[in-house]
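Engineer: A single structure is presented below for examination.
Where a number appears in this text, it was derived from the coordinates with a stated rule and is not lab data. Remember, predicted model here, so these are calculated numbers, not experimental data. Glycine gets a Cβ as well: all are built from the backbone with ideal geometry, and neighbour counts include every protein chain shown.
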Amino acid sequence: MFRAGRFAMVHGGCLCGGIRYEISGKLDKMHFCHCQMCRRGHGTPFANYVAINPRDIHYTQGEELIARFPSSESTVRTFCSRCGSNLEFSPQTTPDETWIASGGFDGDPQIRPTFHIYVDSKAPWFEITDNLTQYPVSDD
């Protein structure tokens, strides 16, 4: 199994199949985010992302379908304009890092979540039942 910091080719795309991508670089870390923006953007009690260098993702199909939404002053989120699938979460404060929504991966990315962030904002009806590290806000 690949651990954080190892290289593996990961393929993925959106629900309608209009957007396809491959990631050829380091899968740095995976986390669960419980902030209200992620919950609303995904329609779930949390989002799951993997950190990569933005230079390591290559869109092989449908780049013209990618819509961008500035969800805050410092963050841009991307999604498929046809089906609404979440793609990337890109903090403008860290240009060498973007976060890919892991639900779009075709198979096992060989990396596992290691922490939760924004647990102070989690859905009140959702229980975290694992033993991963929990950060009240972020891991920074």
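Engineer: Within 10 Å, at most 16 other Cβ atoms, and a DSSP state outside H, G, I, E, B define an exposed site. Report the longest part of the chain free of exposed trypsin sites (Lys or Arg not before Pro).
Structural biologist: Longest stretch, sites excluded: 7-81.
Engineer: Calculate the dipole size of the stretch 57-135 relative to its Cα centre from +1 charges on Lys and Arg beta carbons and -1 charges on Asp and Glu beta carbons; express the result in debye to the nearest 20.
Structural biologist: For the stretch 57-135, the charge dipole is close to 180 debye.
Engineer: How do Cys35, Cys16 line up, fewest other C-beta atoms within 10 Å first?
Structural biologist: Cys16, Cys35
Engineer: What distance in nm lies between label points placed 7 Å from Cα along the C-beta direction at Gln36 and Ser138?
Structural biologist: Output for this residue pair reads 1.8 nm.
Engineer: Using a/c under 1.5 as the rounded threshold, could you call the stretch 6-83 rounded, prolate or oblate? The axes a ≥ b ≥ c are square roots of the C-alpha gyration tensor eigenvalues, and prolate needs a/b larger than b/c, oblate otherwise.
Structural biologist: It comes out oblate by the Cα gyration axes.
Engineer: Take Glu22, Glu63 and order them by how many other Cβ atoms sit within 10 Å, fewest up front.
Structural biologist: Exposure proxy ranking, most exposed first: Glu63, Glu22.
Engineer: Place +1 on the Cβ of every Lys and Arg and -1 on the Cβ of every Asp and Glu in the chain, take the dipole about the Cα centre, and give the residue among Phe126, Gly17, Leu65 whose Cα lies farthest towards its positive end.
Structural biologist: The residue sitting farthest along the positive end of the dipole is Gly17.
Engineer: Within the set of other residues whose C-beta is less than 10 Å from the C-beta of His34, count the net charge using Lys and Arg as +1 and Asp and Glu as -1.
Structural biologist: Local charge sum for His34: +1.
Engineer: While we're looking at this one, here's another question. Can you list residues whose amide H is under 5 Å from Gln61's amide H, if they're 5+ apart or on another chain and H is modeled 1.01 Å from N?
Structural biologist: Amide H neighbours of Gln61: Arg20.
Engineer: Additional query: Before rounding to the nearest 500, sum -39500 (n - 2.57) across all DSSP H runs of length at least 4 in the chain and divide by the residue total; then give [θ] at 222 nm in deg cm²/dmol.
Structural biologist: So the calculated ellipticity at 222 nm is -1000 deg cm²/dmol.
Engineer: Take the chain, connect every pair of alpha-carbon atoms lying under 10 Å apart with a spring to form a Gaussian network, then pick out the residue of Phe46, Phe69, Phe79 with the largest mean-square fluctuation.
Structural biologist: Answer for the Gaussian network model of the chain: Phe69.
Engineer: For the stretch 30-140, build the charge dipole from Cβ charges (+1 Lys, Arg; -1 Asp, Glu) around the Cα centre, then report which of Val76, Thr98, Pro109 sits farthest towards its positive end.
Structural biologist: Checking the options against the dipole of the stretch 30-140, the answer is Val76.
Engineer: How much of the calculated P(r) for the chain lies past 25 Å, in percent of all Cα pairs?
Structural biologist: Roughly 24 percent, rounded to a whole number.
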